[in-house]
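*Asks:* Below you'll find the structure I mean.
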2 protein chains.
Amino acid sequence: MEQQKFDKEKDSSEWFTWIIQEAKLADIRYGVKGFLVFQPWSVEPMELMYKYLEADLERRGHKKYWYPTLIPEKNFYLEKEHVEGFSPEVFWVEKGGETKLEERLALRPTSETAFYSMFSLWLRSYKDLPFKTYQRANVFRYETKSTRPFLRSREFYWIETHNAFATEEEAFKNVLEDMETTKRVVFGVFGIPTIVFKRPDWDKFAGAVNTFGADAITPDGKVVQQPSTHMLGQNFSKPFNVKFVDRDEKEKYCYLTCYGPCISRIFASVVLTHGDNKGLRFPFEIAPKQIVIIPIMAEKEPKVLKKAQELKEKIEEAGFRVELDAGDNKRPGEKFYFWEMKGVPLRIEVGPRDLKEKKVMIYRRDTGEKKAVAEKQLLKEIANEGRFLSENLKKIAKAQLDKSIVDAKNIEDVKKIVGRGIARCGFCSVESGGAKCAEIVEKETGGRIRGTRIDVKEKANGKCVICGKPAQEVVYIAKEY
Amino acid sequence: MEQQKFDKEKDSSEWFTWIIQEAKLADIRYGVKGFLVFQPWSVEPMELMYKYLEADLERRGHKKYWYPTLIPEKNFYLEKEHVEGFSPEVFWVEKGGETKLEERLALRPTSETAFYSMFSLWLRSYKDLPFKTYQRANVFRYETKSTRPFLRSREFYWIETHNAFATEEEAFKNVLEDMETTKRVVFGVFGIPTIVFKRPDWDKFAGAVNTFGADAITPDGKVVQQPSTHMLGQNFSKPFNVKFVDRDEKEKYCYLTCYGPCISRIFASVVLTHGDNKGLRFPFEIAPKQIVIIPIMAEKEPKVLKKAQELKEKIEEAGFRVELDAGDNKRPGEKFYFWEMKGVPLRIEVGPRDLKEKKVMIYRRDTGEKKAVAEKQLLKEIANEGRFLSENLKKIAKAQLDKSIVDAKNIEDVKKIVGRGIARCGFCSVESGGAKCAEIVEKETGGRIRGTRIDVKEKANGKCVICGKPAQEVVYIAKEY
């Protein structure tokens, strides 16, 4: 068996490449740059992640749609900033068979221009509002930067919500609720802690009034963008003619918002955040297999295998996802190593002595602790240990994020921090006026201004780390993974 | 409220167009020919249909993958018959931004050429076999025939399985198991009875050795193709180099099979098969809402609404999908009409008198029968009536299919039957030799040879209805919807 060669904290990029192949998460040999084949060991957890996110959105009143993958060019050109932002990244379909199409069709890079063209047909009155929709979709961007599996691909998997409201207040309330969903699901279930930033003006979603992006941290101190939510105001409702007749019988433009959790990128953070030098560590809720049963000395005692099968059925019936590794061509030690690398939260070992004592051993992937459990207590113990494991992974991840934030007094500090953590410092302005200082930051430190916090009020002291003018804002600077 | 204008049996095509709009199943005004926006009332049942089909495939050992939507042109051209069959229908991507791509990329019309290029990298030994995979995907075909919502679109939603076996026997066994899945899920759960035909040689999937297609019937006697399963033999494994080393240490080509349940088209059959003049009738298992609660005289007795809410929570907790229509701007009769049109299986009415007697009324959408049920028995009664309803819809559908098959002695008979049912008759040959007679059939009757049955052995008597040579086969002829 091949020994793992990379230290996850020090060589996290190499470790990430290694684990994608070793755990069969995805195969990069498809032959088209930026496109990859996702294998069952990533598809199953990503399906579970979809399930949790969709359930949360449904509870909040979003209804599910399936929109076409192709968007007519004319829709695409209606919102000026949007088209400027996205056109360099659009894949175009121009032919069906060898027939030239009447109009070019865009492979959706995002679906505002598809959704809002229909909103204008459907919405008539204040009684139709709020109107909250979503779809699960794959989207396409012709990335010219270097692509990385899960993190930056030319096709990726996400959810996009699109929503219409009568007032700006209601729209903004929904933006805040999106952030709650991020916290509840991305942190609460997937165990990825994030900081939500209001992005600077120069880093907004193309066409948005404001963008709020959640950032997670990698083991080596870079950030990975998690879901972002956008206040679109009336920027799209005007060109797309999304209007309603209000209670006062006046016709008004709707306020629109959208929210885009990118499942394949969040999955990258699940891998990067929770993994260790042995391999993956899945939170219990989204593990493709939650438990692996390994029979010990089954070749000497046939009852062991029978018991293992019996346990498997019992555990499965209780609704857990369980695997029995009964193959006799590998020693238990090899099996342990393999399933630890695969990130299965709990391992159950059952051997001849356990049979007699009516107990089994449970091993926790996160702590490495092993304990004997009475067979009668097994289901309860599985549920408990699963929960403890998820809580423990969350705690570790949260501590890592917290410690990565370091105050910087000047640009030299920022340089030292960026690439290894998140620098927190004073800055002149996150409106367009600060764009020049932001460019200098990027050039000198390789980091980008992530924005200002909205969950805590932070008062700026001192000066902008670049221009030396009085600091208006406290910003966070980090390198993107 | 607008009265329904079409008779489902007589004007089933107009009825279908009407119900798609009336029940908000999909909106055809997206603005690109052959593409439509699926709305929640079709998305929710189609998601449930995916769930049932995927669970069946998982039980049979298929593992889920996500493949890229785009297929490189060179893959596409490896299997000669395949490319001939599909290239007129392929949408091509040639540009990213305004940059010409190095190679044209096909929007997948089906994914054999994507899957098998990876199989050749993954499969090494007989120990890797059988190898059974699937994906849930949207696929694209530049249809030049007229498009119809759900039935024939340029983008549609399906599952495709792709599988490799060591021997022809094992491959064929899997093809037979696919037919069992069709029976178990498409009939058993969705209530769509089908006949499985071995398609004639001239009507096989491009690149297949044999194609087995299941046909369902529409109310006006046309057929709609349901899942088909294909024996690909070594036709793809040779050009794609899908090989394995067998027990005898010899290198051999795999036998491949694929199976393609098209969810959006099966959904069309759910609508067409079960609907009636009032609108949709969903089987209980796939109904977006299974129960609607309608409070009666709630404006006179406030306790009614409270009770209705209490019932809703109780029913929801039991795991059913339930809607409470508590709006007071509509009379109960209007609500009845609306939810019957929407196809909700069970309606629960609760009024002031029911409160006193601790009972509610249950109305069955399929039979129109209404009965009083003690509140204590409600959950049990819902489960029972739901099951009875699904069984009843299945029985009705099966009787309709059975009665649509009519024996034909000559071409005049066939002409009379086709368009109103399925003609069963003697035919010279379903090998290439019969292709000419099949052309005449199509020209003279508008019907196509659906193939020969494989579930029952049928012995041909008499002569081919076209050429008069001794009949070798019993074939079925019908018009496609």
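*Asks:* Ignoring any ligand, DNA or RNA, what whole percent of the accessible area of the stretch B:405-478 comes from carbon and sulfur when the probe is 1.4 angstrom?
*Replies:* Exposed carbon and sulfur together represent 47 percent of the surface.
*Asks:* How large is the charge dipole for the protein assembly as shown, taken about the Cα centre, if only the Cβ atoms of Lys, Arg (+1) and Asp, Glu (-1) carry charge, to the nearest 20 debye?
*Replies:* In total the dipole reaches around 1380 debye.
*Asks:* Right, next: Restricted to Cα positions, what overall size does the stretch A:26-107 have along the principal axes? Three whole-Å values, descending.
*Replies:* Per principal axis, max minus min of the Cα coordinates gives 40, 39, 25 Å.
*Asks:* How long are the semi-axes of the equivalent ellipsoid of the stretch B:405-478, defined as square roots of 5 times the Cα gyration tensor eigenvalues? Whole Å, largest first.
*Replies:* Result for the stretch B:405-478: semi-axes of 16, 14, 11 Å.
*Asks:* Here is a further query. Can you grab the distance from the C-alpha centre of the stretch A:104-141 to the C-alpha centre of the stretch B:63-86, Å, no decimals?
*Replies:* What the calculation gives is 30 Å, centre to centre.
*Asks:* With a 1.4 Å probe and all protein chains kept in place, how much accessible area does residue B:150 have, in Å² rounded to the nearest 10?
*Replies:* Residue B:150 has an accessible surface of roughly 10 Å² with all protein chains in place.
*Asks:* Then there is this: Write down the Å³ per residue value for the convex hull defined by the alpha carbon atoms of the stretch A:12-274.
*Replies:* Looking at the stretch A:12-274, the number lands at 133 Å³ per residue.
*Asks:* Between residue B:5 and residue B:318, what is 0.36 nm times their sequence separation minus the Cα-Cα distance? Round to one decimal in nm.
*Replies:* Fully extending the segment from residue B:5 to residue B:318 adds 108.9 nm.
*Asks:* For chain A, would you read off the P(r) tail past 29 Å as a percentage of all alpha carbon pairs?
*Replies:* Here the long-distance tail beyond 29 Å is 56 percent of all Cα pairs in chain A.
*Asks:* Once each part is reduced to its C-alpha centroid, what is the distance from the stretch B:375-422 to the stretch A:453-476 in angstrom?
*Replies:* 71 Å
*Asks:* Which residues among the stretch A:277-308 fall inside the zone where the amide N is under 14 Å from a point 7 Å beyond the Cα of residue A:361, along Cα→Cβ?
*Replies:* Zone members listed by number: A:293-298.
*Asks:* So which of A:173/B:314; A:278/A:371; B:371/B:395; A:10/A:436 end up more than 25 Å apart by C-alpha?
*Replies:* Going by Cα-Cα distance, A:173/B:314; A:10/A:436 fall outside the 25 Å limit.
*Asks:* If the label for residue A:319 sits 7 angstrom from Cα along the Cα-to-Cβ line, what are its distances to the same label in every other copy, in nm to one decimal, shortest first?
*Replies:* 0.8
*Asks:* Shortest first and in nm to one decimal, what separations exist between residue B:461 and its copies in the other chains, measuring from label points 7 Å along the Cα-to-beta-carbon line?
*Replies:* 10.3
*Asks:* What span do the alpha-carbon atoms of the protein assembly as shown cover on each of the three principal axes, reported in whole Å from largest to smallest?
*Replies:* Result for the protein assembly as shown: principal-axis Cα extents of 98, 81, 66 Å.
*Asks:* Output the antiparallel fraction of DSSP beta bridges having both residues in the protein assembly as shown, as a percent to the nearest 5.
*Replies:* 80 percent
*Asks:* Restricting the count to DSSP beta bridges whose residues both fall in the stretch A:404-478, what percent are antiparallel, rounded to a multiple of 5?
*Replies:* In the stretch A:404-478, DSSP labels about 70 percent of beta bridges as antiparallel.
*Asks:* Using every pair of alpha-carbon atoms in the stretch A:284-388, split the distances into 10 Å bins beginning at 0 and state the percent of pairs per bin, rounded to integers.
*Replies:* Going from the shortest bin to the longest, the percentages are 15, 54, 29, 1.
*Asks:* Now, a different point. At 7 Å along the Cα-to-beta-carbon direction for both residue A:329 and residue B:100, put a label point, then send me their distance in nm to one decimal.
*Replies:* 5.0 nm
*Asks:* How much accessible surface does residue B:73 have with a 1.4 Å probe, in Å² rounded to 10?
*Replies:* 40 Å²
*Asks:* Separate question: Please report the antiparallel percentage of DSSP beta bridges with both residues in chain B, rounded to the nearest 5.
*Replies:* 80 percent
*Asks:* Another question about this same structure. Could you tell me the center-to-center distance, by alpha carbons, between the stretch A:190-257 and the stretch B:234-273 in angstrom?
*Replies:* 43 Å
*Asks:* From the residues B:230, B:116, B:49, which one has its Cα farthest along the dipole of the stretch B:12-274 in the positive direction, the dipole being from +1 and -1 charges on Cβ of Lys/Arg and Asp/Glu about the Cα centre?
*Replies:* So the residue furthest toward the plus end is B:49.
*Asks:* If ligands, DNA and RNA are left out, what is the accessible area of residue A:17 with a 1.4 Å probe, given in Å² to the nearest 10?
*Replies:* 80 Å²
*Asks:* Here's a follow-up. Return the calculated 222 nm mean residue ellipticity for chain A, to the nearest 500 deg cm²/dmol, obtained by summing -39500 (n - 2.57) across DSSP H runs with n ≥ 4 and dividing by the residue count.
*Replies:* -10000 deg cm²/dmol
*Asks:* Could you order A:48, A:379, A:280 so the one with the most accessible surface comes first? Probe is 1.4 Å.
*Replies:* Of A:48, A:379, A:280, the descending order of accessible area is A:379, A:48, A:280.
The values are calculated or read from the model by the stated rules, or taken from the named source; none is laboratory data. This structure is a prediction, so every number in the text was calculated from the model and none was measured. No Cβ is skipped: glycine too gets one built from the backbone with ideal geometry, and neighbour counts run over all protein chains shown. Quick note on the areas: whole protein, heavy atoms, side chains included, nothing else; ligands and nucleic acids left out. Shrake-Rupley method; radii C 1.70, N 1.55, O 1.52, S 1.80 Å.
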